[in-house]
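Right, one structure below, let's go through it.
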Amino acid sequence: MKALERLGGKRVQRDNIINPEMARTLCRLSQELNRQIGLLIHRSGKVEAIIVGNFSQIVIPQLGHLRSSGGRLKGVRLIHTHLAGEGISDEDLMDLLFLRLDLLSVLKITPDGLPERIYTAHLLPTEKDGRNWTFLEPVHPANQTDSVEELILALEREFASRSRTRKVDQKQDRAILVSVSTEAKTRAEESLAELVELCRSDNVLVLDTVLQRRRKVNPRLILGKGKLADIMIRALQLDANLLIFNQELNPSQIGSIIDFTELRVIDRTQLILDIFAHRAMSREGKLQVEMAQLKYMLPRLSFRDDALSRLTGGIGARGPGETKLEIDRRRINDRVTRLAKELKNVSRERYRRRAKRRKKDLPVLSLVGYTNAGKSTLLNTLTNSKIFAEDKLFATLDPTSRRLRFPAETEVIITDTVGFIRNLPAELLKSFMATLEELREADLLIHVVDISNPAYHDQMNVVEQFLRDLDLENIPCLKLYNKVDLLKEGTLTEKVRKEGGLLVSALQPETLKPFLLQAERIIGKVLGSDQGWR
């Protein structure tokens, strides 16, 4: 033990991977103990840690106390012994990748306990021959001529030249999207493409996408360690500061992936919640989004920060005192209770407004559909309004109502609602129930479909399932196949007509006349002449 302590007290010359004398001592001790021994050496030459393993491996401790800025290297190198004459192993390369070490070196030991040669690998700023690392020529510790300090600084400069970390932190998130799917390839690709669009709606720059199809999803890390290591190095090379997963992650999975990658990690649900938080303009919309965010956050509190589990005070606060985590939980629960009361008041206000509308005997048409199907644009064209509409997912969150005059000079109320999406977070749907209650008052639902989207049929099924879940399947529904202007002439026309829908373009008012006539006929049949409908 004293020999190991003396080894830890020495410093390594900056130009050497390890001093020749230290290499001899390390090999001798390793052979005497019949265990691998490793040194974590800081760039300054200081030995940060001595690691004693077993015959076949060492276990590297957490390096959280060492710097990790943006996408740069960790600032330490690892040198450890191999007793069986083996070279750099796959496990060694995983350590190099996951820990972002400056260098990883293996000292092979000869039968007489002396160092044979040093075998070294380091990361590459750009992928080469399908690999993110390369090997240096093996060298005997006594014959080191190249400066390791210059090599590491050159690597740092290359990584830094590709890095815009300060700009990233100030302006825009730069993300790698990850999707691990058990679905068919086409469905998995469509879902990943939708995640890209969600990122565009949230002003996130997508640097790369990773799609992995597996029979079974890894319960801890979602995908395998090797693939996660590739993603981590890709993030380092592209200067990504965020990983976005296409499925909802539980708190344990988020914690495990963060521990491995040291990058921010969010899932599809968090991304959608963030979009809603940015887009909600009305008081009601903001309340609904805050409610959903708090309910999502509550079970994840214990994984947010280790410090949350500590007592809030020192002497005098031990024993019955509340932990920081419990205080945060109680505050969130109190806030959720207050939000629920406010949303009930909003619901009552909406009910009163609907009651006034019913007294005027004005029929109600509600636009429903997948997000970005063109509902707001359609409402603008029909009513000559200027409601905010944009070619992005969830551009509209707050419901809007306008009067619409049919060709027969009769009036109706037409309402725009929030769009649906596949795997819409359950808490978000619950929070928006007050808004979706508007649909229950509709005399006719207008299901707007983006016919130009290759996955339009799946999107229709998603919307129809939501309508069933909301017990709205008994309300008459008219399908409008929108964005026909983006199709080639004659494409899908016959098929759509057989499905009983109308082809329209919200940007071309002349295509909307058949819709107005059809909607007027349906409303007339629903209400009948005894309702004052002519």
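The values are calculated or read from the model by the stated rules, or taken from the named source; none is laboratory data. This is a predicted model, so every value here is computed, not measured. Counting neighbours? That spans all protein chains shown, and the Cβs are built from the backbone with ideal geometry, glycine included.
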* Based on what the data block shows, is E464 surrounded by fewer than 21 Cβ atoms within 10 Å (Cβ to Cβ), modelled with pLDDT of 90 or more and of a type in the set (D, E, K, R)? -> yes
* From the residues in segment 101-116 that are over 41 Å from the mean Cα position of the chain (by Cα) and in a loop (DSSP other than H, G, I, E, B), which one is farthest from A229 (Cα to Cα)? -> D112
* Take the residues of segment 323-372 that are in contact with a strand residue (DSSP E or B) (Cβ under 8 Å, 6 or more places away or on another chain) and at pLDDT below 85: which is farthest from R422 (Cα to Cα)? -> T323
* Asked: For segment 23-51, how many residues meet the condition of being of a type outside the set (G, A, S), in contact with a strand residue (DSSP E or B) (Cβ under 7 Å, 6 or more places away or on another chain) and in contact (Cβ under 8 Å) with a residue 60 or more places away in the chain?
  -> 4
* Flag if M232 is in contact with a Ser or Thr (Cβ under 8 Å, 6 or more places away or on another chain), touching a residue at least 40 places away in the same chain (Cβ under 8 Å) and not acidic (D, E) -> yes
* Out of G224, G285, report the one residue that is closer than 30 Å to S452 by Cα and either modelled with pLDDT under 85 or surrounded by fewer than 16 Cβ atoms within 10 Å (Cβ to Cβ) (or both). => G285
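Across segment 125-135, which residue is farthest from R14 (Cα to Cα) among those that are free of Cβ contacts under 8 Å to residues at least 24 places away in the same chain and either over 41 Å from the mean Cα position of the chain (by Cα) or surrounded by 11 or more Cβ atoms within 10 Å (Cβ to Cβ) (or both)?
Checking each candidate, the answer is R131.
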* Scanning for something in the same structural domain as R14 (by TED's automatic domain parsing), modelled with pLDDT of 85 or more and not aliphatic (A, V, I, L, M), does segment 149-156 turn up at least one residue? -> yes
* To do: Check whether at least one residue in segment 55-62 is modelled with pLDDT of 80 or more, among the hydroxyl-bearing types (S, T, Y), more than 26 Å from E156 (Cβ to Cβ) and in a loop (DSSP other than H, G, I, E, B), and report yes or no.
  => yes
* Asked: Of all residues in segment 217-242, which are among the hydrophobic types (A, V, I, L, M, F, W, C) and over 17 Å from S179 (Cβ atoms)?
  -> A229, I233, L236, L238
